[in-house]
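Below is one structure, written out as structure tokens; the observations come after it.
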Amino acid sequence: MRERSKGRSQEQAAVKANLKSRKTVAKYELLSQLPSELKHPRSYRTRNDAFSEDWPEVEQMLQAAPELEAKTLFEWLCERQPGKYQEGQVRTLQRRVSDWRAMHQEQVAILEQVHRAGEVIQSDGVWLSELGVTLAGEPFKHVLIHCVLPYSNWEWGAVAQSESLLAYQRALQATLLKLGAVPEYHQTDNSSAVTHQVSRSGAGERAYNPAYLSLLKHYGVTARTIHVGRPEENGDIEASNGGLKQALRQHLLLRGSRDFPNLAEYEQFLAQVMSRRNERRQERLNEELAVMKPLTVEPLGPYQEYRVKVSRGSLIRVQKNVYSVPTSLIGRIVIVRVYEWQLEVYFRQYLVEQVARVVGQNRQQLNYRHLIDSLLRKPGGFRDYRYREALFPTVVFRQAWEALNRWHSPRKADLIYLRLLRLAARTLESEVEAALSLLLEGQQPWDETDVEQLMPGQSKSLPVPQLALSLVNLAQYDALLREMAHVSA
């Protein structure tokens with residue numbers, strides 16, 4: 001039509017509009033309407049509705065349980081009326097159910113929030129174990145406590161092994177130190193590290209943990225949480241979690257390897273990725289820093305401290321988990337410092353034990369070297385010992401004990417196994433494990449002497465060193481006594 005208004009012929013206008021027929025141009029010119037103006041809504045069906053008979057019942061089921069899926073309803077119809085419906089008709093029912101939901105099922109609208117510069121920092125834990133990262137070849141299960149400023153989307157965080165209060169403390173402190181400033185609010189979800197259930201029914205409100213409030217008070221920050229079961233209220237950091245995880249995947253691909261020599265190298269890699277993502281957010285970050293309070297307090301220590309009494313079983317209970325300590329400390333009060341990755345046990349000012357921290361509750365971390373002498377004095381207590389499973393250092397040691405039980409009486413099997421543990425404590429556990437592996441392959445009865453003979457260097461007797469005897473001249477001591485008596489006189 002535009003070309004015809006310029007004086008072109010119908011043939012020229014058809015070529016210009018990429019139409020092959022002059023008659024098509026003549027038709028639209030005669031009607032004086034565009035093709036889109038000639039279309040009218042269709043009020044009739046082009047084929048019969050295959051679900052017309054059963055749809056009223058399906059609709060009743062959707063009204064009663066809106067979460068029912070169309071595929072489930074289709075399978076139910078096929079089971080009730082075999083042969084009536086074909087597999088290819090499931091897509092038709094899915095469209096019909098989708099249309100019904102659009103017309104009848106209400107949803108909760110997402111209310112976009114207005115973010116103010118420097119007002120709040122959001123924290124959340126994002127698990128990164130699925131990235132397949134390894135440390136020195138060993139799988140590394142870990143979570144990143146992710147901190148985000150919603151106004152600028154600036155981010156930072158710290159690696160942890162669980163979403164504990166200590167992990168949130170490390171991440172928040174690292175973030176505030178990086179910023180050099182403090183926002184007004186710290187917002188989290190209702191994690192057990194931050195809040196706890198007020199009533200035992202499980203349906204009441206949640207209150208802040210005192211230790212968490214103490215942490216925020218130190219930095220002059222006010223606590224704020226989202227409503228229970230409303231993760232969309234933390235939408236900014238939830239979206240940032242996904243973006244960061246995808247960025248880490250891409251940078252790991254560029255790196256060409258997912259293995260890191262140690263944790264420090266991996267943390268440096270994470271810091272580099274987050275720093276690159278923060279570069280394009282600097283302008284809005286400057287707006288936030290301009291209204292934030294400056295950071296003026298010193299960071300808290302990277303640990304939580306507890307005073308614990310060592311039990312008669314040479315055990316301590318810390319954060320609902322059990323650890324063993326040397327038996328010399330039984331009945332003593334020790335100071336336990338709980339770090340993110342390990343525990344340190346102090347008696348007076350002396351460090352007496354350092355062990356890996358156990359994640360979770362009602363778990364045990366026992367060192368058989370602490371208890372082996374007590375067990376050998378009372379071997380009958382091993383079989384029913386409450387924490388017996390913690391006294392199998394590896395699977396091979398467990399298999400060895402099971403084999404001993406097949407060949408010997410319970411008391412003798414336990415005694416042989418405890419002597420094996422003593423041998424491992426006095427030598428190298430790896431050498432004892434290697435010897436046990438060889439003996440288990442043979443399927444022949446053996447005892448601790450056979451294990452000792454297979455260990456390198458154990459078959460040769462060590463030379464006894466010769467000590468030089470020195471004679472003491474008592475006359476010198478007598479002379480000293482006479483001199484002291486003369487002085488006192």
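For this structure, a couple of remarks:
- Residue that is surrounded by the most Cβ atoms within 10 Å (Cβ to Cβ) [pool: residues in segment 442-481 that are assigned to a loop (DSSP other than H, G, I, E, B) and modelled with pLDDT of 85 or more]: W446
- Members of segment 69-98 found to be surrounded by 15 or more Cβ atoms within 10 Å (Cβ to Cβ) and more than 14 Å from W55 (Cβ to Cβ), listed by number: C78, V90
- Options L438, L415, L375; residue that is crowded, with 16+ Cβ neighbours inside 10 Å, more than 33 Å from the chain's Cα centre (by Cα) and more than 23 Å from S311 (Cβ to Cβ): L415
- Given (1) open to solvent by less than 70 Å² (accessible area, probe 1.4 Å); (2) touching a Lys or Arg at 6+ places or on another chain (Cβ under 8 Å), index of the condition R332 fails: (1)
- Residue within segment 99-115 that is without any contact (Cβ under 8 Å) to a residue 24 or more places away in the chain, buried (at least 17 other Cβ atoms within 10 Å of the Cβ) and either closer than 30 Å to Q361 by Cβ or not small (G, A, S) (or both) present: no
- Residues in segment 380-396 that are in contact with a Phe, Trp or Tyr (Cβ under 9 Å, 6 or more places away or on another chain) and over 17 Å from E429 (Cα atoms): F382, R388.
- Residues in segment 31-78 that are among the small types (G, A, S) and touching a Ser or Thr at 6+ places or on another chain (Cβ under 8 Å): A50, A70.
- Output for segment 137-156, where each listed residue is open to solvent by less than 10 Å² (accessible area, probe 1.4 Å), farther than 13 Å from Q187 by Cβ, touching a residue at least 24 places away in the same chain (Cβ under 8 Å) and not charged (D, E, K, R): V143, L144, I145, S152
- Identification of strands (runs of 3 or more DSSP E) wholly contained in segment 282-348 with 1 or more residues that are among the acidic types (D, E) yields 304-309, 342-347.
The values are calculated or read from the model by the stated rules, or taken from the named source; none is laboratory data. Just so you know, these numbers come straight off a predicted model, no measurement behind them. FYI the Cβ positions are ideal-geometry reconstructions off the backbone, even for glycines, and counts take in every protein chain you see. Each accessible area value is taken on the protein alone, full model and side chains, heavy atoms only, with ligands, DNA and RNA left out. Shrake-Rupley method; radii C 1.70, N 1.55, O 1.52, S 1.80 Å.
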